[in-house]
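S.K.: Input: one structure, supplied below.
The values are calculated or read from the model by the stated rules, or taken from the named source; none is laboratory data. Because the structure is predicted, anything quoted here is derived from the model rather than measured. Cβ coordinates were reconstructed from backbone atoms using ideal geometry, including for glycine residues, and neighbour counts include every protein chain displayed. Surface areas here come from the heavy atoms of the whole protein model, side chains and all, with no ligands, DNA or RNA. Shrake-Rupley method; radii C 1.70, N 1.55, O 1.52, S 1.80 Å.
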Amino acid sequence: MEEENSQQFEQRVRDFLNNYGFENVGGGPKFRIGGIQVDACGGKDEFLVIIDATTTKSNVTRKITEMRGKLTKFKTFEVENDGVELPQYRKYKEILLAVATNSLINSETQNSAREGNPKVYIWDKHFFDYYNELKKLIKNFANFQLLGELGIGTNTSDTITFPATRIPSQTYSNIYSFVASPRDLLEVCYVARRESGDEKYYQRLVNAGKLNKIAAYIGQGKTFANNIIVALPKELAGQISFKKEFELKKIEFGELTIPKTYRSLWIIDGQHRLYGYSRVKNISERDLLQVTAIENITIEEQRELFIKINREQSPVQMDLLWDLYSTAEPNNEKTGVLSRLAKHLDTLPQFQGKIYYPLSTSKKLRGQISISKICNAIDDSRLTKGTVKNNVPNPLYDNDVDKKIKKVAKGINEFYEVLDNIFGSNPVSSEFYNKVCLNSAGVHIMLNLYSGILSVVDRSSEQIREIYEQYVRLLQEYVLENFQERKQIAEFLRSSNSKEGKRDKIDLLTEGINLKIGAKGLNLPRIPVSRRGEENRVISIEKNLRAYLDSVLSKVDPDWLKTRTPPDLYNRLRERSKGEDLPLRELLTLGECIDIILRNDNVKLFEERIKSTFYSIELFKEEMNLLKEYRNSVDAHDRMITKDKENIFLTRVPNIIESMNRFLKYS
């Protein structure tokens, strides 16, 4: 694709303004405001937006300063093009400044520009990608989102009134309930989408397929029974009024009046329901949406409520939640710390631009690793914990969270740099690096391998890089021997989708390295394997138990995963299945399988088999509880297991495994 020159980019900016409904769009080499040449401008209401465009990223900071210095002359509204005066611009009263670039600009520069005086907006590649995508999704209703972001329409005296109830709240100032026309709401509602580039925002970009389904639903004359939840932000304090008509049991009935601006209401929950109407040709007067509005609520409180709704009540894209954790729960070891670490990793050379989270780009790019996947990989590999494999102290650990994040990210980047350098020396191993090491499943495997290496080497050694290189060269040898064909790499990845598959591959690569250490007689410590012997037999039982459950229960009810399992298990399996190319039943854990067997409406189906193998239901429960505990200790890499418990496992688990094998083979 031919690189865009400055004139082409300036024209693209002007086209963007036209597409977003701005009036009097102008600009060019001979276009001047207050005697100063202007690349692009466009008007809306009483505002004139003036844009300086550049295709050189390094010019952005300088242009921000220059734009601020030109404001006084711009405010003359004396506009001419090729020497011809253009009086139509004199109607504008306010100036908004922006610098446009076709490069990506970091959030620090963006925040500095917005928070300075006067404010300067940065329209970078991310901005244009986001708003072009939004336009495709919700058509001209996207205009209101851009106008709201720019603060256009805030000076209007127009208001909008809804018949409403007002309910006192211990948590918030007031809660209002009302019904409104979708058309009215589309004009005054704003959505704080992460993809727009603001760190504090928390929503995701709407989904085209979901919008189409909702539009089809509306087209059948159907309505929604549940409320859209919106915020009346703190910025509207003093501009909201409620005219009380009467009161009944502490609920006030009357009229709610709010300013009619492009962001009077911020959607917390229900954006798809509202924007489904953007695809309805004729919105009927009978089309009404129920709305719950919370008054005087900050963006942080909105985000907290959004997380609570989507964590506790309905599924939400996991990448969005992991993206939000970095600001909502920054010091939470299970969420925010991992999210911050992944984002810091995204700034380092080996991972820059390779980790997807909604704030980073409007949509996931080919080859990017999801933030949810890499956070789970870091957590499973114990790289932020006090100990790594075999309860060995973690050399990357630090009590100071900020230092720990930097140390772990630096360590991972350093290990991947060694992988990249050595694997890149051969086309076969280079393909393995790109297809596996930088894959969502593969990074899980590689970080666990790295954790294993950390557990046996002295991280403080001055030769640490050379030690990494020795292990990685052995891994490369194994890869060159076993992955000469592309289909072998494809099969490796396909069988790595499940949790069990990832563990198998960690062991496979680890044992491959260890065998070479032994064969070569190298003075290198062997990397611990995550499970052996009985552990593998338990995994096999888990797999066979899933198949057995399906063979029995599907005869009773083909939909048994929904109807004959504990409450919420089906929803948890669906959530667990995201990114996994497996039937839901294959995601059942050993504990879940046992709980299904012991469920009141299922146990009779298995009673004869249980009693023939374990003699009683009670003994079966006792043995299974111990087996579940042992299985969980495998998942936890044996951490926090006492010596007494380890002895119990050694003496009883083999017998339980034999009994379970008889149970599964019983006829």
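S.K.: With in contact (Cβ under 8 Å) with a residue 60 or more places away in the chain and open to solvent by less than 30 Å² (accessible area, probe 1.4 Å) as the only criterion, which of SER451, SER429, SER460 stands out?
M.R.: Just one listed residue meets the conditions, SER451.
S.K.: Scanning for something among the basic types (Lys, Arg), within 18 Å of GLY148 (Cβ to Cβ) and open to solvent by 10 Å² or more (accessible area, probe 1.4 Å), does the range 219-228 turn up at least one residue?
M.R.: no
S.K.: Taking PRO163 and the conditions (1) modelled with pLDDT under 95; (2) open to solvent by 10 Å² or more (accessible area, probe 1.4 Å), which numbered condition does it fall short on, given that it satisfies the others?
M.R.: Among (1) modelled with pLDDT under 95; (2) open to solvent by 10 Å² or more (accessible area, probe 1.4 Å), the lone unmet condition for PRO163 is (1).
S.K.: Same structure again: List the pairs whose first member sits in the range 587-616 and is touching a residue at least 60 places away in the same chain (Cβ under 8 Å) and closer than 28 Å to GLY501 by Cα, whose second member is surrounded by fewer than 17 Cβ atoms within 10 Å (Cβ to Cβ) and of a type in the set (Asp, Glu), and whose Cβ atoms are under 9 Å apart, counting only residues at least 6 apart or on separate chains?
M.R.: LEU587/GLU580
S.K.: Using beta carbons and a limit of 9 Å, which pairs, at least six apart or on different chains, have the first residue in the range 7-21 and under 12 Å from ALA100 (Cβ atoms) and the second one open to solvent by less than 80 Å² (accessible area, probe 1.4 Å) and in a helix (DSSP H, G or I)?
M.R.: ARG12/PHE128; VAL13/PHE128; PHE16/PHE128; PHE16/TYR131; PHE16/ASN132
S.K.: Which one of these is open to solvent by 10 Å² or more (accessible area, probe 1.4 Å) and within 28 Å of PHE144 (Cβ to Cβ): GLY34, GLY21? Walk me through it before giving the result.
M.R.: Numbers: GLY34 fails: within 28 Å of PHE144 (Cβ to Cβ).
Exactly one residue qualifies, and that residue is GLY21.
S.K.: Any idea how many residues of the range 249-269 are among the small types (Gly, Ala, Ser) and more than 32 Å from the chain's Cα centre (by Cα)?
M.R.: Going through the range 249-269, the residues among the small types (Gly, Ala, Ser) turn out to be 254, 264.
Subsequent filtering for residues that are more than 32 Å from the chain's Cα centre (by Cα) retains 254.
Total meeting the criteria: 1.
S.K.: Within the range 198-212, count every residue that is in contact (Cβ under 8 Å) with a residue 40 or more places away in the chain and either within 18 Å of LYS136 (Cβ to Cβ) or over 25 Å from the mean Cα position of the chain (by Cα) (or both).
M.R.: Number of matching residues: 9.
S.K.: Let me ask you something else. Is the range 292-313 home to any residue that is open to solvent by 10 Å² or more (accessible area, probe 1.4 Å), under 21 Å from ASN140 (Cα atoms) and at pLDDT 90 or above?
M.R.: No - not one qualifying residue is present in the range 292-313.
S.K.: Here's a follow-up. For the range 483-528, give me each residue that is closer than 20 Å to ILE453 by Cβ, open to solvent by 10 Å² or more (accessible area, probe 1.4 Å), touching a residue at least 40 places away in the same chain (Cβ under 8 Å) and part of a loop (DSSP other than H, G, I, E, B).
M.R.: Within the range 483-528, LEU522, LEU524, PRO525, ARG526, PRO528 meet the criteria.
S.K.: Another question, then. Picking from LEU338, LEU359, LEU324, LEU320, which residue would you name as being surrounded by 22 or more Cβ atoms within 10 Å (Cβ to Cβ) and at pLDDT below 85?
M.R.: Of LEU338, LEU359, LEU324, LEU320, the one residue that is surrounded by 22 or more Cβ atoms within 10 Å (Cβ to Cβ) and at pLDDT below 85 is LEU359.
S.K.: A further question on this structure: Just to be sure, is PHE128 open to solvent by less than 30 Å² (accessible area, probe 1.4 Å), among the aromatic types (Phe, Trp, Tyr), over 30 Å from GLU245 (Cα atoms) and touching a residue at least 24 places away in the same chain (Cβ under 8 Å)?
M.R.: yes
S.K.: Just the residues that are farther than 26 Å from GLN203 by Cβ, in a loop (DSSP other than H, G, I, E, B) and open to solvent by 10 Å² or more (accessible area, probe 1.4 Å), please, taken from the range 362-393.
M.R.: Scanning the range 362-393 gives ARG382, LYS385, GLY386, VAL392.
Listed here are the residues, each with its yes/no results for (1) open to solvent by 40 Å² or more (accessible area, probe 1.4 Å); (2) not in a loop (DSSP other than H, G, I, E, B); (3) not hydrophobic (A, V, I, L, M, F, W, C).
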{"site": "ILE64", "(1), (2), (3)": "no, yes, no"}
{"site": "ARG68", "(1), (2), (3)": "yes, yes, yes"}
{"site": "LYS73", "(1), (2), (3)": "yes, yes, yes"}
{"site": "THR76", "(1), (2), (3)": "yes, no, yes"}
{"site": "LEU96", "(1), (2), (3)": "no, yes, no"}
{"site": "THR109", "(1), (2), (3)": "no, yes, yes"}
{"site": "ALA113", "(1), (2), (3)": "no, yes, no"}
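S.K.: Inside the range 590-600, can you point out the residues that are surrounded by fewer than 18 Cβ atoms within 10 Å (Cβ to Cβ) and at pLDDT below 90?
M.R.: GLY591
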